[in-house]
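Shown next, in structure tokens, is the structure this report addresses.
The values are calculated or read from the model by the stated rules, or taken from the named source; none is laboratory data. Note that this is a predicted model, so its numbers are computed, not measured. Heads up, the Cβs are rebuilt from the backbone with ideal geometry, glycines too, and the neighbour counts pull from every protein chain shown. Surface areas here come from the heavy atoms of the whole protein model, side chains and all, with no ligands, DNA or RNA. Shrake-Rupley method; radii C 1.70, N 1.55, O 1.52, S 1.80 Å.
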Amino acid sequence: MQKTIGYAATNNKSPLAPFHFERRNPLPTDVQIEILFCGVCHSDIHQVRNEWGNSTFPMVPGHEIVGTVIHVGSEVTKFKIGDKVGVGCMVGSCEVCPDCQENLEQYCNLAEFTYNSPDKHNGGTNYGGYSKSIVVNQDFVLHISNKLNLAAAAPLLCAGITTYSPLKHWNVGRGDKVGVVGLGGLGHMAIKFAHAFGAHVVLFTTSPNKTGDAKRLGANEVVISKNPEEMAQHVASFDFILNTVAAPHNLDAYTALLKRDGTLCLVGVPDQPHPSPAIGNLIFKRRNIAGSLIGGIKETQEMLDFCAAHAITSDIEIIPIQQINEAYERVLKSEVKYRFVIDLASLQDQ
Ligand code: NAP
Ligand code: ZN
């Protein structure tokens with residue numbers, strides 16, 4: 001076992017604080033990574049506060065991990081020491097079920113998540129990226145191009161793939177009118193990707209002061225979702241709407257904006273259910289409400305390569321890990337612009 005240090009929550013009310021723990025010794029197929037940066041996802045906050053009811057403590061959050069390979073096991077073929085790499089939300093899956101065979105490991109019933117998930121090698125629980133190092137099976141490690149700024153690439157490992165995957169699955173492209181609901185970590189990546197795919201992009205926000213940023217990021221129009229007159233101008237006009245909001249809200253306001261056969265895809269995971277959608281909104285125009293979970297490893301690599309080719313990264317605020325608890329409060333106030341990224345150089349053995 002190898003000693004390392006991270007920041008952990010010890011219960012659902014405690015602030016994150018320094019935590020010493022051990023990683024497994026690298027297996028022949030493992031890569032050991034010195035973590036340089038880790039993004040701060042709203043999912044970290046949901047889980048630290050046990051809002052999904054499945055948290056185990058102590059918990060070291062973090063699933064937007066980038067760093068440098070410092071050791072490779074004897075059977076590792078995909079990476080060498082010194083490579084810049086990433087790890088997202090998953091570190092394992094059964095690798096044989098139909099979902100895994102179709103490169104959709106995120107839907108595998110045995111998917112092993114980066115933290116707050118049982119560690120199938122060691123027993124116990126996996127610990128995430130708010131830490132100095134991690135050991136991961138090479139099949140769940142991603143290559144990061146030297147063209148990308150490493151800190152700004154970290155959020156691609158979750159916010160990036162979670163928005164790229166549904167936009168691809170629903171074939172968003174030129175000629176489509178696409179909505180993005182919420183301008184936070186996921187929302188700002190959704191705007192960048194939908195714009196890069198050639199769609200006409202409309203941001204729905206509760207924060208009028210984000211209008212200028214949304215246009216700079218690639219939105220063609222911005223709608224203040226609390227204003228019913230602005231919403232009414234878009235009735236039955238969207239091909240696809242990606243909803244990233246982390247709180248329960250009225251979905252009917254968005255299903256009404258879809259064309260016949262349009263889809264409202266939910267990626268936000270609030271702690272309480274949304275009010276029931278009005279069935280009439282759905283059946284009279286055969287509209288769909290769907291969901292989507294991160295993306296498979298193959299598609300995550302495709303997304304990272306697309307970002308390198310199109311110079312796409314996240315808009316970030318870098319913080320030392322000692323500011324993580326204040327950063328959470330700012331995310332909860334929808335004040336992050338647009339992703340916090342922890343600089344792990346700030347985490348000294350203490
Ligand atoms: P975030 O940075 O906090 O962004 C969420 C945005 O939603 C806010 O910036 C805000 O944008 C808007 N919002 C917040 N409260 C709202 C309310 N009460 N009503 C309407 N809009 C509100 O969060 P994130 O990191 O992007 O994550 C968003 C959600 O996706 C979380 O629930 C997270 O757990 C989930 N998630 C899911 C997956 C998946 O695989 N499905 C992956 C990652 C994260 P405006 O200021 O523009 O209104
Ligand atoms: Zn995430």
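Just the residues that are among the small types (Gly, Ala, Ser) and more than 16 Å from ligand 1 (Cβ to nearest atom), please, taken from the stretch 287-338.
Residues satisfying the conditions are ALA308, ALA309, ALA311.
Any chance the stretch 250-267 includes a residue that's assigned to a loop (DSSP other than H, G, I, E, B), in the same structural domain as SER165 (by TED's automatic domain parsing), within 16 Å of ligand 2 (Cβ to nearest atom) and open to solvent by less than 30 Å² (accessible area, probe 1.4 Å)?
The answer is yes; a qualifying residue exists.
Cβ-Cβ below 7 Å, separation at least six or inter-chain, first residue in the stretch 102-114 and in contact (Cβ under 8 Å) with a residue 40 or more places away in the chain, second of a type in the set (Lys, Arg) and part of a loop (DSSP other than H, G, I, E, B): which pairs?
Once the first residue is in contact (Cβ under 8 Å) with a residue 40 or more places away in the chain and sits in the stretch 102-114, no partner that is of a type in the set (Lys, Arg) and part of a loop (DSSP other than H, G, I, E, B) comes close enough.
I'd like to know if the stretch 50-71 contains one or more residues that are acidic (Asp, Glu) and either within 16 Å of ligand 1 (Cβ to nearest atom) or over 23 Å from MET303 (Cα atoms) (or both).
Checked against the condition, which is being acidic (Asp, Glu) and either within 16 Å of ligand 1 (Cβ to nearest atom) or over 23 Å from MET303 (Cα atoms) (or both), the stretch 50-71 yields at least one hit.
Which numbered condition trips up GLU34, out of (1) open to solvent by 10 Å² or more (accessible area, probe 1.4 Å); (2) in a loop (DSSP other than H, G, I, E, B); (3) touching a helix residue (DSSP H, G or I) at 6+ places or on another chain (Cβ under 9 Å)?
(2)
Among the residues of the stretch 37-62, which ones are surrounded by fewer than 24 Cβ atoms within 10 Å (Cβ to Cβ) and part of a loop (DSSP other than H, G, I, E, B)?
Matches in the stretch 37-62: ARG49, ASN50, GLU51, TRP52, GLY53, ASN54, SER55, THR56, PHE57, PRO58.
List, please: which pairs have Cβ atoms under 7 Å, are six or more places apart or on different chains, and start with a residue in the stretch 233-250 that is closer than 15 Å to ILE289 by Cα and hydroxyl-bearing (Ser, Thr, Tyr) and end with one that is outside any strand (DSSP E or B) and open to solvent by less than 50 Å² (accessible area, probe 1.4 Å)?
THR244/GLY182; THR244/GLY184; THR244/LEU186; THR244/GLY187; THR244/ALA190; THR244/VAL267; THR244/GLY268
Each row is one residue, and each column tells you yes or no for (1) in contact with a strand residue (DSSP E or B) (Cβ under 9 Å, 6 or more places away or on another chain); (2) assigned to a helix (DSSP H, G or I); (3) at pLDDT 95 or above; (4) surrounded by fewer than 19 Cβ atoms within 10 Å (Cβ to Cβ).
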site	(1), (2), (3), (4)
ASN103	no, no, yes, yes
ASN109	no, no, yes, yes
LYS120	yes, no, no, yes
ASP139	yes, yes, yes, yes
LEU148	yes, no, yes, no
GLY160	no, yes, yes, no
SER165	no, yes, yes, no
ASN171	yes, no, yes, yes
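Quick one: which residue in GLU75, GLU22 is more than 16 Å from ligand 1 (Cβ to nearest atom), over 22 Å from the mean Cα position of the chain (by Cα) and touching a residue at least 24 places away in the same chain (Cβ under 8 Å)?
One residue alone meets the criteria, GLU75.
So, in the stretch 1-31, exactly how many residues are among the hydroxyl-bearing types (Ser, Thr, Tyr), under 16 Å from VAL135 (Cα atoms) and assigned to a strand (DSSP E or B)?
Total meeting the criteria: 1.
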